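Take a look at the structure set out below.
The values are calculated or read from the model by the stated rules, or taken from the named source; none is laboratory data. Note that the structure is a prediction, hence the values are computed from the model and not measured. In this analysis, Cβ positions are derived from the backbone assuming ideal geometry, glycine residues included, and neighbour counts consider all displayed protein chains. Please note that ligands, DNA and RNA were not included when accessible areas were found on the heavy atoms of the full protein model with its side chains. Shrake-Rupley method; radii C 1.70, N 1.55, O 1.52, S 1.80 Å.
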Amino acid sequence: MEDTPDIALWLGTALRQGGMDVQFAIDGHQADLALQAGHGFDAVLLDLQLPGLDGLSVLQALRERGDSVPVLILTARASVPDRVLGLNMGADDYLPKPFDLSELEARLQVLLRRRGRSKTTALRWGPLEMQADHGAVQLHGQLLALTQREAAALRVLLASPQRTVSKEQLHAEVFADEVTGLDAVEVLIYRLRKKLEVGVAQSGQPQEVMITTFRGMGYMLTSPSGAA
């Protein structure tokens, strides 16, 4: 439940890429209706400044119905009294705006794990999917034969949707303490790109996944159409 359409679209895209199903409410009244008994949601992201019926009223009504679904509050109200009020009314966590997407995802996963509701078993970008537990990678449903380092680099990119990953970060996470230069990252990304291209060619599907280089910034998974 987010009051700004652009932020809602951004959040929805990012969370869907992480394997979650997302539904939005454009105002507090719609949110309250969506959260009636039997709603089936595993977690709620709730903005306090919803039009029509504010987020705290939505939260209060939810808890008065005896609903214990995890609620993560998103709001520009960052003062301590506001945070305490939201938590006292039954919120499980509180994240002030502006926030980093990776922090939001991490906090949301913590809430889902606490309730035994975490369903995210894969990292996804469009037709590209990596199983979070054993690291198997599929493109258009076909397994990709990746080396351990290639899979490690892809995992880092998949974990950072719509954000560039620096060469230094990839080097630190893939090569750890090995005595290798940053050039090793360039070679690794080159090989990974080639395997993605081969996978697309073998599938007969259009190319929907690319690794794009942003000079001076790093690498990011992108789609030629601009959407995944």
message: Can you give the FRET efficiency to the nearest 0.05 for Phe41 and Gln202, using r as the Cβ-Cβ distance and R₀ = 45 Å?
response: 0.70
statement: Neighbours of Gln60 by Cβ distance under 14 Å: Lys/Arg at +1, Asp/Glu at -1, summed charge -2
field: Principal axis box of the stretch 7-108, alpha-carbon based, largest edge first, Å
entry: 33, 33, 23
- request: Can you bin the stretch 151-227 into rounded, prolate or oblate? Criterion: square roots of the alpha carbon gyration tensor eigenvalues sorted a ≥ b ≥ c, rounded for a/c under 1.5, prolate for a/b above b/c, oblate for the rest.
  value: prolate
query: Carbon and sulfur together cover what percent of the accessible area of the chain at a 1.4 Å probe radius?
result: 53
- request: Any chance you could run the full-extension gain for Asp21 through Asp100? It's 0.36 nm times the residue separation minus the Cα-Cα distance, nm to one decimal.
  value: 26.4 nm
- line: Per-residue ellipticity at 222 nm attributable to helices in the chain (runs of n ≥ 4 DSSP H, -39500 (n - 2.57) apiece, nearest 500 deg cm²/dmol) works out to -12500 deg cm²/dmol
message: Of all beta bridges DSSP finds with both residues in the chain, what is the antiparallel percent, to the nearest 5?
response: 65
message: Using a 1.4 Å probe on the protein heavy atoms only, what accessible surface does Thr222 show? Give it in Å² to the nearest 10.
response: 20
- prompt: In a shell of Cβ-Cβ distance under 13 Å around Leu188, excluding Leu188 itself, what net charge do Lys and Arg (+1) and Asp and Glu (-1) give?
  reply: +2
query: Using only Cα atoms, what is the ratio of the radius of gyration of the stretch 184-228 to 2.2 N^0.38 Å?
result: 1.21
- prompt: Can you list the residues, at least 5 places off or on another chain, whose amide H is less than 5 Å from the amide H of Val22, using H built in the peptide plane?
  reply: none
message: Classify the stretch 6-61 from the C-alpha gyration tensor, please: rounded if a/c falls under 1.5, else prolate or oblate depending on whether a/b exceeds b/c.
response: oblate
query: Do you know the relative contact order of the chain, to the nearest whole percent, from alpha carbon pairs under 8 angstrom that are 6+ apart?
result: 15
- prompt: Residues of the chain: accessible area per residue at 1.4 Å, in Å²?
  reply: 52
